[in-house]
Amino acid sequence: MREREEIIAAVIAAAGGELIGKVRLQKVVYLLDQLGLESGFRFEYHHYGPFSRDLVNAVEDAKAFHLLEETSGQRNADLARYSIFRLAHPLPTTDDSFGAMTQEKAEELAKNLVARDATVLELAATIHWLWKFEGRSNWRDELIRRKGPKIQNGRLERAISLLEDLSLTPPQIAH
């Protein structure tokens, strides 16, 4: 059985050994879970979409066991701080490191996801959550209500495209 801190370390390893941002980490793990990661983390809806307190605790455990290092950076535009998660050392993987996914598939997906804009990931995860777990038939209106301006500048379209690329396409809304 995989320990939760090993799951987080494996995801960061699959992403290339580094992952920037707490929101990004939450959304990457959430979306990977939908694709077969089988992390066992419980998610609930929070400000930035699906959120797992279990995942937060797993990160803390991974740091305590010296699997991960967390440093911070600062955006130039608004001086906001963000987390940078890095593997502390190379991580051996096992047959079940990525649940039902092969290591190659996990690496392909994780690298694809971490390359995406964090807001696009947030929107994609929220869209999935709304229709899959909240059963919202009109997820688009609910997304607009919850996320407002975040959907502008093509981000909504990129989020939907990402879900389509992942074969997690939401049901269409009848107009």
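The values are calculated or read from the model by the stated rules, or taken from the named source; none is laboratory data. Predicted model, so just to flag it, every value in this text is computed and none were measured. For neighbour counting, all protein chains shown are included, and Cβ atoms are generated from backbone atoms with ideal geometry for every residue, glycine included. Accessible surface is based on the protein model in full, side chains and every heavy atom, while ligands, DNA and RNA are left aside. Shrake-Rupley method; radii C 1.70, N 1.55, O 1.52, S 1.80 Å.
Relative to the longest principal axis of the Cα atoms of the chain, the long axis of helix 53-64 makes an angle of roughly 20 degrees.
At a probe radius of 1.4 angstrom, the accessible area of the stretch 99-175 per residue rounds to 53 square angstrom. The phi-based Karplus calculation (6.51 cos²θ - 1.76 cosθ + 1.60; θ = phi - 60°) puts the 3J(HN,Hα) values of the stretch 101-112 at 9, 6, 4, 4, 5, 4, 5, 4, 5, 4, 5, 5 Hz, whole numbers, x for Gly and Pro. Less than 5 angstrom separates the built amide H of ILE84 from those of GLY21, THR71, SER72, GLY73, all sequence-distant by 5 or more or on a different chain. Computed 3J(HN,Hα) for the stretch 41-50, one whole-Hz value per residue from the Karplus formula 6.51 cos²θ - 1.76 cosθ + 1.60 where θ = phi - 60°, is 5, 8, 10, 9, 7, 9, 3, 9, x, x, glycine and proline marked x. Straight-line cross-link partners of LYS147 among the lysines, defined as a Cα under 23 Å from its Cα and at least 8 positions apart when in the same chain: LYS22, LYS27, LYS132.
The fraction of accessible area contributed by carbon and sulfur in the chain is 49 percent, rounded to a whole number (1.4 Å probe; ligands and nucleic acids excluded).
Would you mind getting the accessible area per residue of the stretch 6-46, heavy atoms of the protein chains only, 1.4 Å probe, in Å²?
Result: 35 Å² per residue.
Counting only alpha carbon atoms, the long axis of helix 22-34 and the longest principal axis of the chain meet at about 80°.
Inter-label distance, ALA100 to SER137: 2.7 nm, where each label sits 7 Å from its Cα along the C-beta direction. Less than 5 angstrom separates the built amide H of LEU68 from those of LYS63, ALA88, all sequence-distant by 5 or more or on a different chain.
Given 0.36 nm per residue, what is the gain on full extension from GLU69 to SER161 after removing their alpha carbon distance, in nm? Don't skip to the end; give the middle numbers.
Values: separation 92, 0.36 × 92 = 33.12 nm, distance 3.24 nm.
Fully extending the segment from GLU69 to SER161 adds 29.9 nm.
In sequence order, the stretch 74-86 has phi-based couplings of 9, 6, 5, 4, 10, 6, 5, 8, 9, 8, 10, 9, 10 Hz under the Karplus curve 6.51 cos²θ - 1.76 cosθ + 1.60, θ = phi - 60°, and Gly or Pro positions carry x.
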